[in-house]
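Below: one structure, written as structure tokens.
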Amino acid sequence: MTSLPVDDDLIEHVRGLRDEMTRFLAEYRFGMREIETKMSILREDFEHAHAYNPVENVSCRLKSPDSIAEKVARKGIEPDLESIRAQITDIAGVRVTCSFVRDVYRLFELLVSQDDVTVREVKDYIANPKPNGYKSLHAIVEVPVFLSTGTVHVPVEVQFRTIAMDFWASLEHKIYYKYDKQVPTRLTDSLREAAITAAELDARMESLHREIHGEHAAPVAPLRTLPSGRASHA
């Protein structure tokens, strides 16, 4: 079998694209680490200063090139890195799981009050759940990443939720994946009922927590998004 001649220019072009995407994703990975580090510091500070840990778990995820390509095609975004940078804000994601709803809002406020964190968007699905029952506090924040070539400002999606919300969302994701998003009505109805049960559990556990620890553990008001993109308590 005769081999086709190797096009050195094509190989270099492909390698250049690969290297460019690697550098592009590295910026988001570093931004994700910045948020992860900030949450780790807050967790340790709470443990030392208040003998209390509001953070149950922190997990991170970075979209794969294939996942980014699918979103580009689905949303009709121009397939270049600058367009992707401008229009896709959830390439890097951090999920913060808390024990109580109060801790969700408390940690959000502590994160966005830091001088180097800029809030780009907030969606409070705890105060305003999605129709299927989904609850979580979503924030797109921007953090500076200091590289050898200069500073880049990287958007990171941060999701804050309670253990009950996280358990519900995990089950909902598995069900929708299994049925390829064509979930039978009886299951979607059951999911909505389960979301109500999870919310009742959150409220009951927080009530017990306040009874044990006193009024300083009183609930925090939901957030409202201001025109500037900042968020404050309603």
Spot the failing condition for residue 165; the list is (1) over 14 Å from residue 202 (Cα atoms); (2) within 16 Å of the chain's Cα centre (by Cα), and only one is missed.
-> (1)
All but one of (1) farther than 20 Å from residue 198 by Cα; (2) free of Cβ contacts under 8 Å to residues at least 12 places away in the same chain hold for residue 107; which doesn't?
-> (2)
Go through the range 16-36 residue by residue and tally those that are β-branched (Val, Ile, Thr) and surrounded by 12 or more Cβ atoms within 10 Å (Cβ to Cβ).
-> 1
Restrict the check to the range 62-82 and report whether at least one residue is closer than 17 Å to residue 161 by Cα and basic (Lys, Arg).
-> no
Output yes when any residue across the range 30-42 is modelled with pLDDT under 95 and either among the charged types (D, E, K, R) or over 30 Å from residue 209 (Cα atoms) (or both), and no when none is.
-> no
Residues of the range 133-157 classified as closer than 17 Å to residue 25 by Cα and in contact with a helix residue (DSSP H, G or I) (Cβ under 6 Å, 6 or more places away or on another chain), total | 5
Selection count where residues are in contact (Cβ under 8 Å) with a residue 40 or more places away in the chain and within 19 Å of residue 57 (Cα to Cα), scope the range 18-36 | 6
Within the range 23-78, can you find the residues that are farther than 24 Å from residue 145 by Cα, in contact with a helix residue (DSSP H, G or I) (Cβ under 6 Å, 6 or more places away or on another chain) and of a type in the set (Phe, Trp, Tyr)?
-> 52
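The values are calculated or read from the model by the stated rules, or taken from the named source; none is laboratory data. Bear in mind the structure is a predicted one, so any value in this text is a computation, not a measurement. Positions of Cβ are generated from backbone atoms using ideal geometry, with glycine treated the same way; all protein chains shown enter the neighbour counts.
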